[in-house]
Amino acid sequence: MSNRQQTVKRFSKWVIIAHWTNALAFFALYITALPLYTDFFSWMYPIFGGPENLRLLHRIFAVLFVLPPIVMMFVDPKSLFHWLKQTLTWRKEDIMFFVKFPKEFFGGHVKDMPKQDFFNAGEKLNSLLTITCAAMLIGSGIVMWMPHLFPVVLIQWAYPIHNIAFGLSVAVVVGHIYLSLGHPGSKASMQGMTKGDVPVKYAKEHHGKWYDELVAKGEIKEEKPVKKGKGA
Amino acid sequence: MTTIFAKLVDVTRCDGCRACMVACKNWNDLPAAPEEFKGSYQSHDKCNAFNWNMLTFTEHEAEDGRFEWLFRHSACMHCTDAACVKVCPEDALHYTEFGTVNTNYDKCVGCGYCVQNCPFSVIELAKYTDENGKEYEKAQKCTMCIDRLREDMMPACVNICHMDALVFGDKEEMEAMALERLAQVKDRYPNANIYNPIGVDGTQTFYLLAEPPSVYGLPENPKVPTSATIWKDYAQPLGKAMLGVTTMAVIGGFISNKLFNKQGQEGGDHDE
């Protein structure tokens, strides 16, 4: 990758902080949850100073997990609501994405992918699942943390809900991480979530509609067509 | 498979003397747990961490208008399909060689899942303070005097019962005895029934009741909560399977990318 590449700002500093705080909290919660989930990980108890300590740590990280969206509401509501709005907006091109995507996932190259939003359909689905899982995890988690405030039936259901959301969120995260780290050409998206900007070429290929908007607003110059056979 | 043992509580014989409570406290060295007076002869609301068994005193009006005291020795039911054992994440609650349900205090971390799922609400957490002043909790309930059983003795409550309202032995024999007694008491208690609920696959403490279970404050159809079944029998195994499936998909994607996507950077596009 050359340094002279034209880039465009994608994420604000707060989005990046929120994302990585969430990621950190998620993994801390994941690790502290493993021995609670299956006996297979019982060997982890001594490392964390026993089951009681592990449960305490789990609750501390739970607070960290809840914080990012709340803080975002105050420091950068614009980004937060833009993300939410995009996540909840589904059009034809979003559905088409999932028809074309499997080929690309397994290494093919899709030429006729319909133009995607600021968040493409894959990111939208990831966000939707993340929000759903987080809502289930936090909601049931509060009930489990303070059982004396809730009726017994609610407490009893909190456990399976917490469990289901855990399984689902881990599955989502595995896919998310793979697509951001393991898939070829992932550097650009990673740059977006670390430095905040992405190459214009990447914006054009992955977020056509957003790219068009940027060009229309005059924020970027139109990318010259990529010459065949030449790397970015 | 060893013999399954059971305690039959024949409430039609009980005279409410409470000796079973005292014997239990004595043998198991349980501290006093006073509750305020609530206008009844009944000493406590229900079984708790330091009252593993207690006598319920129900004031009942019989069909002919007669007033009756209904006594019931209540304790852990020792379910065959026990919700507490199902939900315990530490395997602290387990089945013993006698078919009863016991707590391993070394493994119990006081999470309270058992308390929230017991259909009979007999299990409770007891608070303790260790030598460093740190508080911790353990689930406490009737053990069917497992330490006595292992020495070929009866549970303390059964041993002391002077009315033979509590009898203990091989479960099949106890069931036969219950049926025999049921026939004997039918003319005196037409509503008499045997309470050995199938929703939990039967219990190792079971009853010959003079009136329907609800009169005695017992659930008519107790069962392992549906949420617990969904959690332990479906969600958890499925979650483990799903972890496997996603992992396989990712490995598959990685390999096929290595094999087929030779241009590497030129393709370059992917989406999270």
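Residue check: is A:PHE65 away from chain B (no Cβ under 14 Å) and touching a Phe, Trp or Tyr at 6+ places or on another chain (Cβ under 7 Å)? So A:PHE65 fits the description; yes. Criterion applied to B:ASP64, B:ASP45, B:ASP106 was being within 14 Å of chain A (Cβ to nearest Cβ) and either buried (at least 17 other Cβ atoms within 10 Å of the Cβ) or assigned to a loop (DSSP other than H, G, I, E, B) (or both), and the one residue passing it is B:ASP106.
Does A:MET190 qualify as being under 30 Å from A:GLY218 (Cβ atoms) and without any contact (Cβ under 8 Å) to a residue 12 or more places away in the chain? So A:MET190 fits the description; yes. Taking into account only those residues within the stretch B:174-201 that are surrounded by fewer than 15 Cβ atoms within 10 Å (Cβ to Cβ) and under 16 Å from B:PHE5 (Cα atoms), which is modelled with the highest pLDDT? Top of the filtered list is B:ALA176. From the list B:ALA83, B:ALA75, the one residue that fits, being touching a helix residue (DSSP H, G or I) at 6+ places or on another chain (Cβ under 6 Å) and closer than 23 Å to B:ASN221 by Cα, is B:ALA83.
Between A:VAL143, A:VAL152, A:VAL172, which is more than 8 Å from chain B (Cβ to nearest Cβ) and without any contact (Cβ under 8 Å) to a residue 24 or more places away in the chain? When all the criteria are applied, what remains is A:VAL143. Among the residues of the stretch B:124-165, those that are among the basic types (Lys, Arg) and more than 14 Å from B:CYS108 (Cα to Cα) comprise B:LYS134, B:ARG148, B:ARG150.
Taken over the stretch A:166-221, the criterion of being surrounded by fewer than 17 Cβ atoms within 10 Å (Cβ to Cβ) and assigned to a helix (DSSP H, G or I) is satisfied by A:ILE177, A:LEU181, A:GLY182, A:MET190, A:THR194, A:LYS209, A:ASP212, A:GLU213, A:VAL215, A:ALA216, A:LYS217.
You will find that of B:CYS118, B:CYS161, B:CYS157, the residue that is buried (at least 23 other Cβ atoms within 10 Å of the Cβ) and under 19 Å from A:TYR159 (Cα atoms) is B:CYS118 and no other.
Annotation: B:THR143 fulfils all but one of (1) assigned to a loop (DSSP other than H, G, I, E, B); (2) within 14 Å of chain A (Cβ to nearest Cβ); (3) closer than 30 Å to A:ASP39 by Cα; (4) not charged (D, E, K, R); the unmet one is (2).
The residue that is nearest to the other protein chains (Cβ to nearest Cβ), among those in the stretch B:109-124 that are in a loop (DSSP other than H, G, I, E, B) and over 11 Å from the mean Cα position of the chain (by Cα), is B:VAL109.
Quick one: in the stretch A:114-140, which of the residues that are without any contact (Cβ under 8 Å) to a residue 60 or more places away in the chain and facing chain B (nearest Cβ under 8 Å) is farthest from the chain's Cα centre (by Cα)? Among them, the one singled out is A:ALA121. The single condition among (1) in contact (Cβ under 8 Å) with a residue 24 or more places away in the chain; (2) within 14 Å of chain A (Cβ to nearest Cβ) that B:GLY239 does not meet is (1). Counting only residues that are assigned to a helix (DSSP H, G or I) and within 15 Å of B:HIS78 (Cβ to Cβ), how many does the stretch B:157-184 have? Final tally of qualifying residues: 5.
The values are calculated or read from the model by the stated rules, or taken from the named source; none is laboratory data. Model, not experiment: these values are computed from the prediction. Using ideal geometry, Cβ is built from the backbone for each residue, glycine included, and neighbour counts are taken over all protein chains shown.
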